Amino acid sequence: MEATRENWGSRIGFLLAAAGSAVGLGNIWRFPYMAGSNGGSAFIIIYLAFTFTIGLCIMIAELAVGRRAKLAAVGAYKHSSERWTFAGALGVLSGFLIMGFYPVVGGWALAYVWKSTTGLLADPGAIGAAFGGFITSPVQPVAWMLAFLVLNVVIVAKGIAGGIEKAGKILMPSLFVMLVLLGIRSITLPGAGAGLAFLFRPDFSAVTGTTFLAALGQSFFSLSLGMGCMITYGSYLKKSEKIPSNGLIIVSLDTGVALLAGLAIFPALFAFGLEPAAGPGLVFVVVPSIFAQMGGIGVVLSIIFFVALTVAALTSSVSLFEVVVAYLIDQKQIPRIRAVIGSGVVMAIMGALASLSLGVMSGTPIPLLGVGAFDLFDILTDKIFLAIGGLLLAVFVGWVIRKDDLRAELTNDGAHTFGGFTLWYHAVKYVIPVAIAVVAVVGIISIEQTALMLLGLLVIAVFALFSRRF
Ligand code: TRP
């Protein structure tokens with residue numbers, strides 16, 4: 001089977017696909033509102049610190065593990081030790097759970113392409129209320145979520161080089177240009193200074209134990225780490241590619257886009273007198289508000305922005321989808337098309353529940369857990385599974401895989417040097433597991449959703465017990 005394994009079509013194709021996986025709603029939708037509701041600059045500093053230490057090291061580790069085994073998440077763990085298979089399986093579960101709410105937000109982005117053309121911008125004062133009305137209605141957002149999911153099914157069904165790679169190549173650069181333009185507009189609005197201060201003047205008074213966990217979770221979510229996604233993408237990577245430098249490029253691009261999104265949103269937010277802690281509606285309210293002030297050209301720019309946002313979401317969601325599908329193909333010998341359609345149906349049901357949990361079902365949270373489906377999927381993955389997934393990967397790489405094998409993988413069998421190898425190795429082996437454990441424990445203790453956290457830990461324990469079944 002190794003001989004027939006798909007490969008990325010080109011170096012730039014892999015980079016764009018991996019960056020496409022990393023850059024998504026996590027950067028443009030989630031990062032601004034997480035920063036906004038966790039105190040702004042202090043959160044951003046912690047997030048940046050985590051990203052370029054733990055995040056970068058785990059990125060390199062995941063790519064190396066995937067390429068070494070030439071297998072997706074579960075297979076890559078199993079390749080070394082059956083006892084570790086559960087860590088990969090936990091990643092597949094995370095992929096499923098994230099795909100339970102991600103397409104809901106992807107659907108909002110798609111809907112806003114359409115809404116931009118149908119009068120959304122006509123009344124700037126009503127943009128906030130329109131968003132609230134839209135996401136809580138029972139039919140529309142579910143229909144858009146399904147439309148978004150169908151796009152995913154089509155791309156993932158086509159496989160790696162043909163679908164995922166092509167989509168990323170064209171549409172990622174256009175998103176970048178849009179964000180730069182928006183940022184310039186935002187910064188030049190009268191009253192934008194307060195937004196810049198919010199972003200860059202550190203105020204550590206808002207920092208608590210959960211801020212660290214939130215920043216770590218956001219870092220992992222944004223970089224597509226902690227669930228085997230980069231293991232899977234690494235498994236399609238050619239032997240001649242340099243993993244450390246590719247890893248650094250992906251991390252830098254991802255961080256750059258998140259900061260650009262922050263620059264596009266916060267100055268405008270303060271200029272318009274909106275609330276930084278507005279939550280998940282932030283981009284969907286602030287960005288149309290900027291465009292609404294621009295007249296006719298605003299409509300055109302709004303369409304372009306939401307097309308680009310949809311595409312960014314799509315190049316990320318296909319990578320999540322691919323983790324699930326690659327597991328079914330590699331481990332369960334299910335043909336790609338069947339794997340895609342089968343898991344797509346389950347994701348559609350989860351997505352419908354997540355969407356409805358924001359509207360008609362918002363009065364009936366899940367018993368004991370006290371949250372709706374959207375928050376359940378989000379909190380379970382972002383606040384626990386991704387962090388624990390990263391911790392397990394670090395322990396696996398540091399203590400199970402042989403050091404010489406890692407060195408060979410990261411230097412392409414000595415074809416070039418990786419100066420940071422020793423530092424990276426010790427970080428992954430000793431520092432990162434402890435650091436994640438501390439952040440997780442402190443965060444989990446201080447978080448409000450105790451029952452949910454216990455459920456998450458229980459799931460991990462059960463997975464570990466049945467590791468050989470996956
Ligand atoms: N990183 C993507 C974003 O920022 C989302 C994503 C794709 C992801 N693959 C992932 C998150 C794997 C966690 C794990 O939108």
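So if I check each of 284, 321, which one is out of contact with any Gly (no Cβ under 6 Å at 6 or more places or on another chain), of a type in the set (Phe, Trp, Tyr) and under 30 Å from residue 119 (Cβ atoms)? Break it down into steps so the answer makes sense when it comes.
Details: 321 fails: under 30 Å from residue 119 (Cβ atoms).
Result of the check over 284, 321: 284.
From the residues in segment 220-251 that are of a type in the set (S, T, N, Q) and either more than 10 Å from the ligand (Cβ to nearest atom) or surrounded by fewer than 23 Cβ atoms within 10 Å (Cβ to Cβ) (or both), which one is farthest from residue 276 (Cα to Cα)? Spell out the reasoning first.
Residues of segment 220-251 of a type in the set (S, T, N, Q): 222, 224, 232, 235, 240, 245-246.
Then keep just the ones that are either more than 10 Å from the ligand (Cβ to nearest atom) or surrounded by fewer than 23 Cβ atoms within 10 Å (Cβ to Cβ) (or both); that gives 235, 240, 245-246.
Working: 235: 40, 240: 45, 245: 36, 246: 34 Å.
Going through the qualifying residues, I end up with 240.
Quick one: which of 13, 36, 40 is out of contact with any Ser or Thr (no Cβ under 7 Å at 6 or more places or on another chain) and on the phi > 0 side of the Ramachandran plot? Spell out how you get there, then give the answer.
Values: 13 fails: on the phi > 0 side of the Ramachandran plot; 36 fails: on the phi > 0 side of the Ramachandran plot.
The conditions single out 40.
Looking at segment 326-334, can you tell me whether even one residue there is within 16 Å of the ligand (Cβ to nearest atom) and either in contact (Cβ under 8 Å) with a residue 12 or more places away in the chain or assigned to a helix (DSSP H, G or I) (or both)? I'd like the intermediate steps shown before the answer.
Just the residues of segment 326-334 that are within 16 Å of the ligand (Cβ to nearest atom), to begin with: 326-327.
Narrowing further to those that are either in contact (Cβ under 8 Å) with a residue 12 or more places away in the chain or assigned to a helix (DSSP H, G or I) (or both): 326-327.
Yes, segment 326-334 contains a residue that is within 16 Å of the ligand (Cβ to nearest atom) and either in contact (Cβ under 8 Å) with a residue 12 or more places away in the chain or assigned to a helix (DSSP H, G or I) (or both).
Residues that are over 29 Å from residue 402 (Cβ atoms) and away from the ligand (no atom under 16 Å from the Cβ): which helices (runs of 4 or more DSSP H) entirely in segment 1-86 hold 2 or more of them? Spell out how you get there, then give the answer.
Numbers: elements: 11-22, 31-37, 41-50, 56-69, 73-80.
Once the helices (runs of 4 or more DSSP H) in segment 1-86 are filtered for at least 2 residues that are over 29 Å from residue 402 (Cβ atoms) and away from the ligand (no atom under 16 Å from the Cβ), what remains is 11-22, 31-37, 41-50.
Checking the structure you have, find out if any residue of segment 179-194 is more than 19 Å from the chain's Cα centre (by Cα), within 16 Å of the ligand (Cβ to nearest atom) and either surrounded by 15 or more Cβ atoms within 10 Å (Cβ to Cβ) or at pLDDT 95 or above (or both). Full working, then the answer.
Taking segment 179-194 and keeping what is more than 19 Å from the chain's Cα centre (by Cα), we get 180-194.
Retained after the next criterion (residues that are within 16 Å of the ligand (Cβ to nearest atom)): none.
The answer is no, given that none of the residues of segment 179-194 is more than 19 Å from the chain's Cα centre (by Cα), within 16 Å of the ligand (Cβ to nearest atom) and either surrounded by 15 or more Cβ atoms within 10 Å (Cβ to Cβ) or at pLDDT 95 or above (or both).
Helices (runs of 4 or more DSSP H) wholly in segment 402-448 with at least 2 residues that are loosely packed, with under 14 Cβ neighbours inside 10 Å and within 24 Å of the chain's Cα centre (by Cα) - which ones?
Details: elements: 403-410, 421-426, 432-446.
The helices (runs of 4 or more DSSP H) meeting that bar are 432-446.
Please go through (1) farther than 21 Å from residue 86 by Cα; (2) away from the ligand (no atom under 16 Å from the Cβ); (3) buried (at least 22 other Cβ atoms within 10 Å of the Cβ); (4) not acidic (Asp, Glu) for residue 374 and return the number of the only condition it doesn't satisfy.
It is condition (2) that residue 374 fails.
So which pairs qualify, if the first residue must be in segment 218-233 and over 14 Å from residue 384 (Cβ atoms) and of a type in the set (A, V, I, L, M, F, W, C), the second must be assigned to a helix (DSSP H, G or I) and within 6 Å of the ligand (Cβ to nearest atom), the Cβ gap must be under 6 Å, and the two must be at least 6 apart or on different chains?
Within 6 Å, the pairs are 223/22; 229/319.
When the residues of segment 87-135 are narrowed to those that are of a type in the set (Ser, Thr, Tyr), assigned to a helix (DSSP H, G or I) and farther than 24 Å from residue 271 by Cβ, which ends up modelled with the lowest pLDDT?
Here is the first cut: in segment 87-135, the residues of a type in the set (Ser, Thr, Tyr) are 94, 102, 112, 116-118.
Filter once more, keeping what is assigned to a helix (DSSP H, G or I): 94, 102, 112, 116-117.
From the residues that got through so far, the ones that are farther than 24 Å from residue 271 by Cβ too are 94, 102, 117.
Working: 94: 97, 102: 98, 117: 92.
The extreme case among them is 117.
If I ask for residues that are within 20 Å of residue 448 (Cα to Cα), surrounded by fewer than 18 Cβ atoms within 10 Å (Cβ to Cβ) and touching a residue at least 60 places away in the same chain (Cβ under 8 Å), which ones from segment 353-368 would you list?
Going residue by residue through segment 353-368, those that are within 20 Å of residue 448 (Cα to Cα) are 357-358, 362-368.
With surrounded by fewer than 18 Cβ atoms within 10 Å (Cβ to Cβ) added as a condition, the list becomes 362-368.
Across segment 353-368, the qualifying residues are 362, 368.
The values are calculated or read from the model by the stated rules, or taken from the named source; none is laboratory data. Since the model is a prediction, treat every value here as computed from it, not as a measurement. Virtual Cβ from ideal backbone geometry, glycine too; neighbours counted across all protein chains shown.
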